[in-house]
1. Please report the net charge: other residues with Cβ closer than 15 Å to the Cβ of ALA163, K and R +1, D and E -1.
2. With label points built 7 Å along Cα→Cβ from the Cα atoms of LYS98 and ARG139, find their separation and express it in nm.
3. Taking the simple approach of a point 7 Å from Cα along Cα-to-Cβ for both GLU175 and SER154, what is their distance in nm?
4. How much of the calculated P(r) for the stretch 98-181 lies past 14 Å, in percent of all Cα pairs?
5. Among 138-148, 161-171, 121-131, how do they line up by average Cβ neighbours within 10 Å per residue, starting with the highest?
Amino acid sequence: MAPTPRKSKADGEEKPKPVTTVSSRVTRSMDRRTRSETQQNGAKASGSATKQVKLQSPKKTKRKKSSIETGKAKKAKKEDEASEEEEKPEVEDPTKTKIVIEHCKQCNAFKTRAIQVKEGLEEAVPGVIVTLNPEKPRRGCFEIREEGGQTFISLLEMKRPFAPMKALDMEEVIEDIIKKIK
């Protein structure tokens, strides 16, 4: 029950404040009911002239699934990318060497070494094209190869802590690859 308004000391008179009560069933303003007027145990109070109002719960509407959830957007995106690739034939320069670095995404140690090799090769050899993971990489794999040709380093199915890869001196690896390319 709401606290009764207090008298202010300055006026000496009581200034009632409007009381609003919000109920989940019925909203009333300045309407107060006593216990005898309300329903008790499902029976109506005798002599009660008040109307009981039932609020209807909002209707539940089914939410439409967006195209992203249904997978239609993904399929459409893949089809668009495939058609773009077909429409844009890449002009390949046969003089440029293409090198593929395949590295596992399981640990950042693979990624850092792959980026280090990529940057080293691009700086040292003009006209070289280095790509990282053109396809889905194999697990525990660190492989550097020439596209359609020679494999420079192939470390496959490594398990943690990836000791064979961490034992490599990447500067020497880059130098060896540069010698083999030229």
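Only the coordinates and a few stated rules stand behind these numbers; no lab work does. Please read these numbers as outputs of a predicted model, since none were measured by experiment. All Cβ positions, glycine included, derive from the backbone under ideal geometry; neighbour counts span all protein chains shown.
1. +2
2. In this crude label model, LYS98 to ARG139 measures out at 2.9 nm.
3. 2.6 nm
4. 59 percent
5. With the highest mean Cβ count within 10 Å placed first, the list reads 138-148, 121-131, 161-171.
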